[in-house]
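First comes the structure, then the notes that go with it.
The values are calculated or read from the model by the stated rules, or taken from the named source; none is laboratory data. Since the model is a prediction, treat every value here as computed from it, not as a measurement. FYI the Cβ positions are ideal-geometry reconstructions off the backbone, even for glycines, and counts take in every protein chain you see. What goes into the accessible areas is simple: the full protein's heavy atoms, side chains included, and nothing from ligands, DNA or RNA. Shrake-Rupley method; radii C 1.70, N 1.55, O 1.52, S 1.80 Å.
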Amino acid sequence: MEPYEAINSIEASLRTLIHEILGSAWAEGTSIDIEKLKEKRKAEATSRKGAIVDENLLAYTEFYQLQEIVQKKWAEFKPVFGDRKRFDSYYDRVEHFRNAVMHSREILPFERDLL
């Protein structure tokens, strides 16, 4: 799997997991600005005439916000991820790799393997 595909898969899986575990209460107790997410959704609908945009605001969250959701609701996610330090460590690594990949920069072979 290419790094871009792996990152997209991680993000999609996290959003699905968050939705399955927390339902519509996923933003409660976080610093996520729901109004900004609504603005993003509206901007996408405006710029992509004729396209069906995702109504779920979770789809408009940033990668770092997904980590915040999991961290703030750790008790609900612990059965899935186990050790919080390990989760945070891997998440931080993926976020670092993500920035390089999404900005068309090469990643090292070991980074590719880890993804």
Subject >> Fraction of accessible area attributable to carbon and sulfur, the chain (%, probe 1.4 Å) >> reply: 50
Original post:
For the stretch 1-81, what log10 I(q)/I(0) values come out of the Debye formula at q = 0.17, 0.21, 0.22 1/Å, with one point per alpha carbon and no solvent?
Top reply: -0.74, -1.03, -1.09
**OP:** Report Arg105's accessible area, 1.4 Å probe, all protein chains in place, as a number in Å² to the nearest 10.
**Re:** 130
Subject >> Rounded to the nearest 20 debye, dipole of the chain from Cβ charges on Lys, Arg, Asp, Glu >> reply: 160
Subject >> Normalised per residue, the volume of the convex hull around the Cα set of the stretch 8-54 (Å³) >> reply: 98
Subject >> Estimated dipole of the stretch 22-66 in Debye, rounded to 20 [Cβ of Lys and Arg +1, of Asp and Glu -1, Cα centre] >> reply: 260
